Amino acid sequence: MELSEAMRTTGTCRHYADTPVPDEVLYDAFEVARFGPQGGNRQPVRWIVVRDEAKKKALADLYLPYWEAYYSAISDGSVGVGAVPKTIRSANEFAHNLATVPALIVVCAEVAGLHPTDAELDRISVVAGASIYPVVQNLCLALRDQGVGSAVTTLLCHEEPAVSELLGIPEGFITAAHVAVGYPRDKFPTKLNRSPVEDTVSVDSFDTPLFATES
């Protein structure tokens, strides 16, 4: 698959076929994903592929209360997400069927391999993710190249201690995301809804667009 096509069609897959994802497909995806950029080439990311039905159910049970709280806040208007109702309904179905996804990949990261240069700023710290999430996106693109869908979620990170106990994650490692993986029940999207370049790129200052908006 041509790279730009993969990038344009790797959306969040929320509905999966029952077909298992073979080991060789996962291996090929991990093989490519590991080349994602990361600070100092420290390679902090580790993956746990969860296929065991009981463990998937346990993860889904931990996930659902956080989704329900979020979904309730969306429904009563206290949280705005900007998503169309169809997308919200799809996300709700995904949450209630998480245990049936063919595989859940838990993304772990070694704390010693992260360098959060923004930790002392008066805001949330995000910089450490620069050594994690490019590798995760590489994985999603590599899966898409093989016809496999994925959905990245971070809600379950609220339950990091419980997840670590369930999966035997040692001290010194965090959970950074959880990726649902499987063959899509439906077709891949042909066009994702994203803001245009003209609205998101500036030059020299935040409020000076680099590209003119077409009339």
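The values are calculated or read from the model by the stated rules, or taken from the named source; none is laboratory data. Predicted model, so just to flag it, every value in this text is computed and none were measured. Cβ sites come from the backbone with ideal geometry, for glycine too, and all protein chains shown count toward neighbours.
Yes or no: region 93-109 includes at least one residue that is over 24 Å from GLY11 (Cα atoms), in a strand (DSSP E or B) and in contact (Cβ under 8 Å) with a residue 12 or more places away in the chain.
no
Under the condition of being among the aliphatic types (A, V, I, L, M) and under 30 Å from ASP23 (Cβ atoms), which residue from region 181-215 is modelled with the lowest pLDDT?
My answer is LEU192.
If you check ARG89 against the conditions, is it closer than 16 Å to CYS13 by Cα and basic (Lys, Arg)?
yes
Inspect region 176-191 for any residue being closer than 23 Å to GLN137 by Cα, touching a Gly at 6+ places or on another chain (Cβ under 7 Å) and exposed (fewer than 14 other Cβ atoms within 10 Å of the Cβ) and give the result as yes or no.
Within region 176-191 (the criterion being closer than 23 Å to GLN137 by Cα, touching a Gly at 6+ places or on another chain (Cβ under 7 Å) and exposed (fewer than 14 other Cβ atoms within 10 Å of the Cβ)), the answer is no, since none of the residues qualifies.
Across region 60-81, which residue is nearest to ILE105 (Cα to Cα) among those that are charged (D, E, K, R) and part of a helix (DSSP H, G or I)?
Selected residue: ASP61.
Looking only at residues that are touching a strand residue (DSSP E or B) at 6+ places or on another chain (Cβ under 7 Å) and outside any helix (DSSP H, G or I) in region 166-175, which one is surrounded by the most Cβ atoms within 10 Å (Cβ to Cβ)?
Among those that are touching a strand residue (DSSP E or B) at 6+ places or on another chain (Cβ under 7 Å) and outside any helix (DSSP H, G or I), it is THR175.
Being surrounded by fewer than 17 Cβ atoms within 10 Å (Cβ to Cβ) and β-branched (Val, Ile, Thr) is the filter here, so list the residues in region 98-138 that pass it.
THR100, VAL111, THR117, ILE124, VAL126, VAL127
Would you confirm whether or not region 206-215 contains a residue that is assigned to a strand (DSSP E or B), more than 30 Å from LYS56 (Cβ to Cβ) and in contact with a strand residue (DSSP E or B) (Cβ under 9 Å, 6 or more places away or on another chain)?
Initial filter on region 206-215 (assigned to a strand (DSSP E or B)): 209.
Of the ones still in play, those that are also more than 30 Å from LYS56 (Cβ to Cβ) are 209.
Retained after the next criterion (residues that are in contact with a strand residue (DSSP E or B) (Cβ under 9 Å, 6 or more places away or on another chain)): 209.
So far as region 206-215 goes, yes, one or more of its residues are assigned to a strand (DSSP E or B), more than 30 Å from LYS56 (Cβ to Cβ) and in contact with a strand residue (DSSP E or B) (Cβ under 9 Å, 6 or more places away or on another chain).
Name the single residue that is modelled with the highest pLDDT among those in region 82-92 being under 23 Å from GLY182 (Cβ atoms), out of contact with any Lys or Arg (no Cβ under 8 Å at 6 or more places or on another chain) and in a helix (DSSP H, G or I).
Top of the filtered list is ASN92.
From the list VAL163, VAL136, exactly one residue is hydrophobic (A, V, I, L, M, F, W, C), farther than 15 Å from VAL50 by Cβ and either without any contact (Cβ under 8 Å) to a residue 60 or more places away in the chain or outside any strand (DSSP E or B) (or both). Which is it? Explain how you work it out, then say what you get.
Working: VAL163 fails: farther than 15 Å from VAL50 by Cβ.
One residue alone meets the criteria, VAL136.
Just for region 1-56: of the residues that are among the polar types (S, T, N, Q) and under 30 Å from GLU165 (Cβ atoms), which one is surrounded by the fewest Cβ atoms within 10 Å (Cβ to Cβ)?
GLN43
Consider SER75 against the criteria (1) modelled with pLDDT under 95; (2) of a type outside the set (Lys, Arg); (3) within 26 Å of ARG185 (Cβ to Cβ); (4) surrounded by 13 or more Cβ atoms within 10 Å (Cβ to Cβ): it satisfies all of them except one. Which criterion is unmet?
Here SER75 meets the rest and fails (4).
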